[in-house]
Each structure stands twice: as C-alpha cells, then as structure tokens.
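The structure appears right after this line, and notes come after that.
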There are 2 protein chains.
Amino acid sequence: MSLLVTGSIGIDTIKTPYSVRENCLGGSAVYFSMSASFFSPVRFVGVIGSDCPFDLAKVFADRDVDLTGLEIRTQSKTFRWAGTYHEDMDDRTTDHVELNVLAEAPPKVPDKFKDSKFVFLANTAPVLQQQLLEQINEPVFVAVDTMNLWIQQYLDDLTTLLKKIDCLIINEDEARMLADQQNLVKAMQNILDMGPSVVIAKKGESGSIMCNADGDIFILPAFPAADVIDPTGCGDSFAGGFMGYLAQSGRTDFETLKTAVAYGTVAASFTLEDFSVNGLTSKNRTEIDKRLELLRQLTKF
Amino acid sequence: MSLLVTGSIGIDTIKTPYSVRENCLGGSAVYFSMSASFFSPVRFVGVIGSDCPFDLAKVFADRDVDLTGLEIRTQSKTFRWAGTYHEDMDDRTTDHVELNVLAEAPPKVPDKFKDSKFVFLANTAPVLQQQLLEQINEPVFVAVDTMNLWIQQYLDDLTTLLKKIDCLIINEDEARMLADQQNLVKAMQNILDMGPSVVIAKKGESGSIMCNADGDIFILPAFPAADVIDPTGCGDSFAGGFMGYLAQSGRTDFETLKTAVAYGTVAASFTLEDFSVNGLTSKNRTEIDKRLELLRQLTKF
C-alpha cells in the first residue's frame, strides 16, 4: 500500500569524539525515505531553499522515492542543524539550529499523494503535522514523531493531534514527560489513553518497547553495535523501516507490527555505521534481511 | 550439580518515592539463595553478628538452602545498608553503610562444601573473593560480581581474580569503567580478554547482554514492570536465577547460558515487586516458568 512521509531535509554538521562532518545531507524525511524504500515505494513531501547543495533526485536515483512533493522555495533557505555527540554516543548536544523553511508554512501534499494509506509525520510542530494530515483523504495507519519542545510548549496542539493518529513513535524520556509518569510501561499506557492505538518508545542503544491498546507488549533490544560512527537519523531510519515494512505487507496486526519494529531496528543499526545516509545507501534488502535473522538469533532463547 | 554462594546478609533500610521500610532482611547471599533455590539446592556461606534480628533457618524453611556455612560472630555486628531510590527507580543513593562483619576476615567454607561445582562470589573485595575461591577444590563454573569501588581502588586484585573465574556479572557502567571503553560491546570484549569466558552486563530496566569468548552474544530485555516497589537485590536475584538454573542443568553451553539469563531476568522481575525478599518468597517454580514463557512471547518476532 502507498506510503507517504512529510519531514525535513537538512544540511547537517556532525561532531563525534572521533570525527567531524560538515554540511552533509540529513533531515527526517531523507533518513525515513532511504530506510523505507528498502520495503516499499515512498511518496516524499518536504521543502528546501535555493541554497540546498544536494540533488535529491540523484540521492534517491536507485530508490523508488517519488519526489513530486519536494518543494523548492527560491526565496528561502534550507534547514540547518549542527550537533555534537558525547563519549557514549547515546547523548548529543545541539550546537546550532537554523529552522529556515521549517519555520514557514508546511509544504502542500500533491493531489496524486492524497490517497496515501500509510503516513508518517516526522517531528515538527503538532499544528503543522495536523495541517499535513488533513490533506490526506483516508489514511489507514498514521504514525507521528514528536519531541520535548512540543510537549512542553504546545501540549494542547499535541493532544488534539494524538486523537487523530494511530501510532506515536517517541523517545523514552519524552514518553515519560508526555505522560508525566516515570515508569515507562505506565507512561505508555497513559499515552494510549490519549488516542493512539499503538505507542513505540525508543530507548537508543537499549532498543524499543511497543504497546497497543489491547494490552499487547513487544520489547526488542537494539542490534549490538561495536562501531558507532554517527547516530544521527537513527530514529527516523527506525520509523522508515517500521512504516516501510507495514506498507509493504499492507497489514497492521500486532505480529506484523512486531516484525516491522525489528526491521526498523535493523535499519537504524545500519544508519549509525556511517555518517549521513551512507550507512543505508551502501546496503541492499538482502543485507537487511540477513541482519534481521541475526537479530532474531541474538534475542531468541 | 552443587551450588555454593558466598555473600552478605544485611539489615537494610529502603526509601522509595512511595514508601520506607526499616531494618528489613537484605544482603547479596540472601537474595541469591532465595532466587537460586527455585532451581537447585544452595550451599550458603556468610557471616552475621549477634545483633542480627533474622532467623535465617526460618527465612529459608521452605527452601533447600544448607546454612552450615552461616557463621555467627558474637563479638561482631551485622552488615547494615540504607539507601534511597529516586523517581525513576533505576538510580539510587546510598545513605548509610556499616560494613561491620564484612570488614573482618571472610567466613570459612565448611569442609562438606569444598567439593562445590558451581560457585557465586557476590560483590566484596576481590582479595576476599579470591580467598573464598581458594577454599573450593575443583569448581566447574565460577561467577563473580564486583563494583566501581574495587575497579577504582583495587584493580590489581580484581584483574588477578578475573584470570581465575569463568563469568563476570557486572553493571553496564562498571563494565565500561573496568574496560575503560564507552562502547558496551567493545567493553565486554575487552573484559573477556582479561580472563573470564563469559561476561554479563546488567542494564537495569533495559535488561542484560551476555558475551562469550567464542563471539556469541545474547541480548534480553528486562521483564516490563509497571509496579516497581523495591529494586534492592535485583542483581543478586538475577545471579541466583542464572546460577541456580545452570546448577540444575549441570551444563554451561551457550544455549543453556541463554536460558539461565532468562531465568535470572524473571527472578529479578519478581524481586522488585515487593520489599526485601518478599517478591520471591511468595512465588513458586510454576509461577517462575509461567513468566519465563511470557518473557519469551514479549520478545519473540
């Protein structure tokens, strides 16, 4: 089934304890699409300014990513982000942000994308996520990412949005903040009461937990990574693998959701092995499936 | 096969955000034995003073725990520990410690225990752990716990000990400290190079990782706990379930070790559901096995 993503295209500068990369390709929609396109065609919706140094048609040349929804605003500038990872590579500090086009009106969803069935609204202001969602006619499964800023400053917008979506994918600390509950399992139950039928809490190098409104729980560790080069985009790569597999299978039962979480975990594990999207572009579906089997072996008893 | 534990018997005072319990039964050997005795008879070695308010014969009345190695020193005082858990229940502060008997000579291993095959040396000074180990004739599988204090101040003693044991069970942060390596997988590989053939890193509410010298890895999340009452003793209960199952099965191949980690995880999940050892004493083996199956379902894809 059709899969649409709305999110950012970014010019990223990444510092780690071992290396620096300046002005490399980033952004939630980019990581998501590179990951999801292992499984399903992707409909891409996002905005860049005239300064964007990346030719996205070339970036996605080998992938089934429809860029009809890519808007280039000649009077605007592209989103920029700079961050530094600390010693354990699980924590990072944002050094610099220029929202630029992301502070403007959201992009328009092209008419030919309005019948999309699987939809991922990457992290942005909840009111913009809602405006984007309203442009889709009859989505089957809508997943959303959010962050501490919106929870703290735009909680009403976020709770309104949560009533209209199927799945929230969120960092564990933000899940605790949103639910005002320190126990993660209880926090996730509270979030299910706010609207979505599925919640996934991302725990970085400790993996993820998924809960649904029927009381089902799935817990999966992260793939053990001895060489973490750049964790940027892991969350969006996770969402891409998750949603890509769902769109491919056309199902949203809990068994399918579990396999989708595992594929998301595998995609994220490839992302962190190189800077920018290079950890994903160098891989094919066979390598994804092979690592999925390895992850199964590592966790089975 | 026979299973011996050496460790502490403690008088604990526990504060959580929700409750306080004063002078309750604690100590590594107590938690370990209560957990291990679901699976195997346990040979108990430890020391108390004349002030100990607990009758351990009564505490273990329903369990196959041989207290021949329990030494009562009439001129000494029992180990005391007081700690406070913070909001997320995964972090704690030690408010007060009285080592008392633990600062004296270690207990003697009774002659009838010297043929023990599976041995767990709970956390104490590495030099004492070695003195205890030297009293066992031909152990088959020796597991050891340690902590930041010994890594920082008695590293030579600890590295000497590591060459003589089979398995180190350690908190993830302490594994990083011991190996001087932030990446946990690499840290565990470094520790394997120091001597043990198996290393288990405990990650609190995020579960555990086990690596062996053959390059095998097993990762298991913790059982999801909505009601955490008191996490004290979870690490020793984990070790008890792990070693108890190994002693029961008499094997130490990686598949058996994986199941043992799962049983340790289940035992720890019952411990945190109540104060002191009450979360374990109220359970039977059938309930342990039932939760093991549930854990398998929660993590399978």
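The values are calculated or read from the model by the stated rules, or taken from the named source; none is laboratory data. Predicted model, so just to flag it, every value in this text is computed and none were measured. Cβ placement follows ideal geometry from the backbone for every residue including glycine, while neighbour counts extend to all protein chains displayed. Side chains are part of the model used for accessible areas, which takes the heavy atoms of the whole protein and leaves out ligands, DNA and RNA. Shrake-Rupley method; radii C 1.70, N 1.55, O 1.52, S 1.80 Å.
Odds and ends about this structure:
- Some residue of the stretch B:288-299 being within 29 Å of A:Thr256 (Cα to Cα), more than 14 Å from chain A (Cβ to nearest Cβ), assigned to a helix (DSSP H, G or I) and open to solvent by 20 Å² or more (accessible area, probe 1.4 Å): yes
- Lone unmet requirement of (1) at pLDDT below 95; (2) under 21 Å from A:Leu128 (Cα atoms) for A:Tyr18: (2)
- Test: B:Ile229 is farther than 21 Å from B:Arg43 by Cα and touching a Cys at 6+ places or on another chain (Cβ under 6 Å): no
- Residues considered: A:Tyr263, A:Tyr245. Of these, the only one that is touching a Gly at 6+ places or on another chain (Cβ under 6 Å), assigned to a helix (DSSP H, G or I) and not aliphatic (A, V, I, L, M) is A:Tyr263.
- Count - residues of the stretch B:129-146 that are open to solvent by 60 Å² or more (accessible area, probe 1.4 Å) and either touching a residue at least 12 places away in the same chain (Cβ under 8 Å) or part of a helix (DSSP H, G or I) (or both): 4
- Within the stretch A:266-287, residues that are closer than 18 Å to A:Arg92 by Cα sit with their Cβ atoms under 9 Å from residues that are of a type in the set (Lys, Arg), at 6+ positions apart or across chains, in these pairs: A:Ala268/A:Lys202; A:Ser269/A:Arg291; A:Phe275/A:Arg21; A:Ser276/A:Arg21.
- All of A:Ile219, A:Ile229 fail the test of being within 14 Å of chain B (Cβ to nearest Cβ) and either in contact (Cβ under 8 Å) with a residue 40 or more places away in the chain or part of a helix (DSSP H, G or I) (or both), apart from A:Ile229.
- Taken as a whole, the structure places A:Gln181 among residues that are assigned to a loop (DSSP other than H, G, I, E, B) and either modelled with pLDDT of 95 or more or open to solvent by 40 Å² or more (accessible area, probe 1.4 Å) (or both).
- All positions within the stretch B:185-206 that are over 23 Å from B:Leu121 (Cβ atoms) and either open to solvent by less than 30 Å² (accessible area, probe 1.4 Å) or among the small types (Gly, Ala, Ser) (or both): B:Val185, B:Ser206
- Within the stretch B:59-75, the set of residues being surrounded by fewer than 19 Cβ atoms within 10 Å (Cβ to Cβ) and assigned to a loop (DSSP other than H, G, I, E, B) comprises B:Ala61, B:Asp62, B:Arg63, B:Asp64, B:Thr74, B:Gln75.
- Count of the stretch A:76-106 residues, restricted to those that are at pLDDT 95 or above and assigned to a loop (DSSP other than H, G, I, E, B), is 3.
- Qualifying residue in the stretch A:187-195 (condition: in a loop (DSSP other than H, G, I, E, B), within 12 Å of another protein chain (Cβ to nearest Cβ) and in contact with a helix residue (DSSP H, G or I) (Cβ under 6 Å, 6 or more places away or on another chain)): no
- Considering only residues in the stretch B:232-249 that are over 10 Å from B:Thr271 (Cβ atoms) and polar (S, T, N, Q), the one that is nearest to the other protein chains (Cβ to nearest Cβ) turns out to be B:Ser249.
- For first residues located in the stretch A:92-110 and in contact (Cβ under 8 Å) with a residue 40 or more places away in the chain, partners that are crowded, with 16+ Cβ neighbours inside 10 Å and aromatic (Phe, Trp, Tyr) and lie 6+ apart or on another chain with Cβ distances below 7 Å form the pairs A:Arg92/A:Tyr85; A:Asn100/A:Phe79; A:Val101/A:Phe79; A:Leu102/A:Phe79.
- Annotation note: of A:Lys112, A:Lys117, the sole residue that is open to solvent by 30 Å² or more (accessible area, probe 1.4 Å), within 27 Å of A:Phe254 (Cα to Cα) and modelled with pLDDT of 95 or more is A:Lys117.
- For the stretch B:167-178, the tally of residues that are open to solvent by less than 40 Å² (accessible area, probe 1.4 Å), away from chain A (no Cβ under 12 Å) and not aliphatic (A, V, I, L, M) stands at 2.
- The strands (runs of 3 or more DSSP E) found wholly in the stretch A:1-58 and carrying at least 3 residues that are over 24 Å from A:Leu121 (Cβ atoms) and open to solvent by 10 Å² or more (accessible area, probe 1.4 Å) occupy A:20-26.
- Among (1) at pLDDT 95 or above; (2) over 14 Å from the mean Cα position of the chain (by Cα); (3) open to solvent by 20 Å² or more (accessible area, probe 1.4 Å), the one test that A:Asp236 misses: (2)
- Checked against the criteria, B:Val65 counts as under 18 Å from B:Ser282 (Cα atoms) and in contact with a Ser or Thr (Cβ under 6 Å, 6 or more places away or on another chain).
- Matching entry among B:Leu257, B:Leu280 (being within 14 Å of chain A (Cβ to nearest Cβ) and either part of a loop (DSSP other than H, G, I, E, B) or of a type in the set (A, V, I, L, M, F, W, C) (or both)): B:Leu257
- Residue in the stretch B:92-114 that is within 16 Å of the chain's Cα centre (by Cα) and more than 14 Å from chain A (Cβ to nearest Cβ) present: no
- Test: A:Thr265 is at pLDDT 95 or above, among the hydroxyl-bearing types (Ser, Thr, Tyr) and surrounded by 17 or more Cβ atoms within 10 Å (Cβ to Cβ): yes
- Flag for A:Asp216 being open to solvent by 50 Å² or more (accessible area, probe 1.4 Å), touching a strand residue (DSSP E or B) at 6+ places or on another chain (Cβ under 9 Å) and not hydrophobic (A, V, I, L, M, F, W, C): yes
- B:Thr252 vs. criteria closer than 27 Å to A:Leu294 by Cβ, in contact (Cβ under 8 Å) with a residue 12 or more places away in the chain, assigned to a loop (DSSP other than H, G, I, E, B) and away from chain A (no Cβ under 12 Å): yes
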